[in-house]
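For reference, the structure is listed below as structure tokens.
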Amino acid sequence: MDWIRLTKSGKDLTGLKGRLIEVTEDELAKHNKKEDCWICIRGFVYNVTPYMEYHPGGEDELMKAAGADGTDLFDQVHRWVNYESMLKECLVGRMAVKPVAAPKVLVEISSTLSEEKKHLNGMLPEKKALGASAKDLTPSYDWFQTDSLITIVIYTKQKDMNADLVIVDCQDKRLRGEIILGDHSYLVEVDLYHAVQEDMAVNIAEKVGKVEIILKKKDNIHWKMLGQPLESHNTLSKRMDRGLFYRKCELVSKTEVTHDTRLFCLMLPKSTHLHVPTGQHVYLKQIIAGTEVVKPYTPVLPFLPLDFKEPPCHDGACIYLMIKIYSCGLFTQALDHLQIGDYISVSNPEGNFKKSQVRTSEDLFLLAAGTGFTPMVKLLNFALTEVSCLRTVKLIFFNKTEDDILWRNQLEQLALRDERFEVQFILSQPTKDWVGKQGKISSSLLSEFVKRSRKDSKVLICICGPTPFTEQGVQYLKDLGYSQEEIHTFTA
Ligand code: FAD
Ligand code: NAP
């Protein structure tokens, strides 16, 4: 908030009095000190010296890219942060295009120059040419119409298609259909020729990998074409290279979970098909004091799999988020002020958890601290309802006080109903009345609670909480002899 205030103060944060300049690599390299630090992100150069003290990751993290191109570093740590908005007052200018030595062959000139220009200006993500075999695997699409319907068919060429891998949005005549194929995705993206109705259907033939998007025409007229293709239409690209896509969702309910944590139910538009896979998170975006702020949150279920009823939200697909409101939190305070009926932008899902990690396990241990419990909710549901080879599922849940324990009652009920499931609450700041375990994550606590059900049993340990909690947990587990493959950490 203090940073946003400073950017609004009218102070000259670049020292260039509002001018934008072309920056050469040599010039950029000169600004490599804390008191004079420029960083290039995607071809744009920012003076980050005034931002140093506000950077959540600390000065040292920023200094790693001082006087250089920080795009890769930025993408690794927080690709989702809207730096253009955060740093707009610090913009110095663009990187200058490097002059190219006179080439021998004319054909080479254009390719070198344009590639170099694209690279330097960061205008286009790096795309590797697809080899013949990759081309064979690239999905394709077709479309046809009846009097009232438009059907777009995507042939994914994947046998194991499922609803988690298909994300479709249709807003204001713009259709975007994304098919997730590992770390790549295929996109159909067009400005439709005519208007369509709000609701649509998505059919997935899982075994043959065929996806049908069925749109209802607003007017029963013949379409000459599907529409105008957009830049990424009909491309297969790395998911990392595609920007986050958001749609506006309506807040339909907000219920108390504990004194500071609420369950937010957000309804997706009728014209969106989106399932957030187990272990993945989404980003929420709000404009706070004129600046776009983005934070990640992990969808949960409306309740634990005790007696599974229809989710209370019938009117469309909903996303449930369990969010702790921090008294001085920038994003969560704004979130808490949303009224029922207000809208908030929700991104496509991200995350590197794979269900197959659980499918082959016999013992599953979930180490959660505070809201680090959120990824464990869908994981518990999946493990207890779909993985038959699991013998034990144990949640070790770290909180400060009894009042902070999320869904304690539901967890205790679940443990009574399913003999494979056990929950252990550990409090770091208990009252005198607490008779349960107390302490912080430690080697001795982990050796007491994380044990293979039999020698050599296949184990998966998932861990989520404040970063130092997760890092310490991983170290203790490794010291106890667990391998990297047996540990999954949830991070952004
Ligand atoms: P900020 O303005 O960033 O911080 C203000 C103050 O709040 C801090 O000084 C500190 O006292 C406190 N605070 C803020 N963030 C943290 C923190 N991360 N740990 C401890 N104290 C903090 N949160 C949820 O409630 N539910 C989720 O499902 C969830 N999922 C997440 C998924 C991922 C992949 C990640 C990386 C984080 C997730 N978080 C989740 C945390 C969330 O993204 C925000 O960090 C959190 O909501 C605080 O944002 P804020 O802007 O309100 O606080
Ligand atoms: P909290 O209430 O502050 O703490 C929960 C428990 O963790 C407490 O027992 C606390 O002990 C302990 N703890 C806190 N910091 C620790 C540390 N440095 N080392 C060891 N133990 C520590 O937790 P919270 O406010 O709910 O925060 C939850 C965290 O989980 C957030 O940082 C959030 O970003 C993260 N999260 C990540 C994901 C994800 O990556 N996918 C998803 C959801 C949440 P003390 O009494 O000692 O503080």
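Values as computed for the structure displayed
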read-out: Boolean, residue 391 is away from ligand 2 (no atom under 16 Å from the Cβ) and either of a type outside the set (Phe, Trp, Tyr) or modelled with pLDDT of 95 or more (or both); value: yes
read-out: Matching residues, the stretch 451-483, being closer than 15 Å to residue 361 by Cβ and surrounded by fewer than 19 Cβ atoms within 10 Å (Cβ to Cβ); value: 451, 452, 453, 454, 456, 457, 458, 483
read-out: Candidate set: the stretch 415-436, residues that are within 11 Å of ligand 2 (Cβ to nearest atom) and surrounded by 13 or more Cβ atoms within 10 Å (Cβ to Cβ); chosen: the one farthest from residue 362 (Cα to Cα); value: 430
read-out: Residue check, residue 175 in contact with a strand residue (DSSP E or B) (Cβ under 6 Å, 6 or more places away or on another chain) and crowded, with 17+ Cβ neighbours inside 10 Å; value: yes
read-out: Qualifying positions in the stretch 198-224 - surrounded by fewer than 16 Cβ atoms within 10 Å (Cβ to Cβ), more than 29 Å from the chain's Cα centre (by Cα) and part of a strand (DSSP E or B); value: 216
read-out: Residue in the stretch 334-369 that is farthest from ligand 1 (Cβ to nearest atom), counting only those that are crowded, with 20+ Cβ neighbours inside 10 Å and assigned to a helix (DSSP H, G or I); value: 358
read-out: Filtered residues of the stretch 207-221 (kept if within 24 Å of residue 270 (Cα to Cα) and not acidic (Asp, Glu)); value: 209, 210, 211, 213, 214, 215, 216, 217, 218, 220, 221
read-out: Cross-chain or 6+ apart pairs with Cβ under 8 Å, the stretch 288-299 first and modelled with pLDDT under 95, then acidic (Asp, Glu) and within 12 Å of ligand 1 (Cβ to nearest atom); value: none
read-out: Residues within the stretch 381-395 that are aliphatic (A, V, I, L, M) and closer than 19 Å to residue 451 by Cβ, tallied; value: 4
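Quick grid of which residues meet (1) of a type in the set (Asp, Glu); (2) at pLDDT 95 or above:
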| site | (1), (2) |
| --- | --- |
| 158 | no, no |
| 170 | no, yes |
| 178 | yes, yes |
| 189 | yes, yes |
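The values are calculated or read from the model by the stated rules, or taken from the named source; none is laboratory data. What you see is a predicted model; the values in this text were computed from it and never measured. Neighbour counts run over all protein chains shown; Cβ positions are idealised from the backbone, glycine included.
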